[in-house]
Amino acid sequence: MKIKWFESFPENPTNPARTDMQNGVIEINRQAYNLLPSHTKQFVIHHEMGHFVLKTLDECKADDYALSQMALKTKYSLRNHIDSVYLLARDDVKRKYHALMSVLTVMANLGDKEAIKLLQNR
Ligand SMILES: [Zn+2]
């Protein structure tokens with residue numbers, strides 16, 4: 001994975017990163033990226049890799065890729081996933097809802113009874 005640093009993205013100053021879909025180079029907007037908590041910085045890198053690996057522009061699919069790479073690797077990985085998506089998705093309610101469902105699915109697959117119940121009653 002190759003990373004190219006930019007001081008800012010003048011056309012999209014709040015976007016922390018983007019991917020060149022031709023070659024998979026992740027371009028980082030230093031000004032926005034540096035404001036993020038460290039777990040969200042990691043999330044952003046995995047999310048961008050997801051766009052390239054899955055050859056998709058779909059934000060939810062890139063989020064799920066990041067979750068698949070990061071879930072259960074650290075103590076608060078599932079909570080951090082939700083926090084990161086909520087921080088980055090801003091007013092994209094569909095994307096936030098998708099992240100909640102994805103995390104609930106991970107928990108249900110681990111046998112969490114509350115998560116199973118919530119998914120069944122959806
Ligand atoms: Zn994205």
Which condition breaks for Leu54 when tested against (1) within 14 Å of the ligand (Cβ to nearest atom); (2) farther than 19 Å from Val106 by Cβ; (3) more than 13 Å from the chain's Cα centre (by Cα)?
(2)
Determine which member of the set Thr19, Thr14 is within 11 Å of the ligand (Cβ to nearest atom), among the β-branched types (Val, Ile, Thr) and over 19 Å from Leu104 (Cα atoms).
Thr19
Check whether at least one residue in segment 1-11 is within 15 Å of the ligand (Cβ to nearest atom) and not hydrophobic (A, V, I, L, M, F, W, C), and report yes or no.
no
Could you check, for segment 41-48, whether at least one of its residues is within 16 Å of the ligand (Cβ to nearest atom), at pLDDT 95 or above and not in a helix (DSSP H, G or I)?
no
Restricting attention to segment 59-78, which residues are away from the ligand (no atom under 16 Å from the Cβ), assigned to a helix (DSSP H, G or I) and farther than 11 Å from Ala99 by Cβ?
Ser77
Scan segment 86-122 for residues that are in contact (Cβ under 8 Å) with a residue 24 or more places away in the chain and part of a helix (DSSP H, G or I) and report the count.
11
Result of the Cβ filter at 6 Å on segment 1-14, keeping first residues that are surrounded by 10 or more Cβ atoms within 10 Å (Cβ to Cβ) and partners that are of a type in the set (S, T, N, Q), at least 6 apart or interchain, is Phe6/Asn29; Ser8/Asn29; Ser8/Gln31; Phe9/Asn15; Phe9/Asn29
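The values are calculated or read from the model by the stated rules, or taken from the named source; none is laboratory data. Every value quoted in this text rests on a predicted model; they were computed, and no experiment measured them. Glycine also receives a Cβ, built like all others from the backbone with ideal geometry; neighbour counts cover every protein chain displayed.
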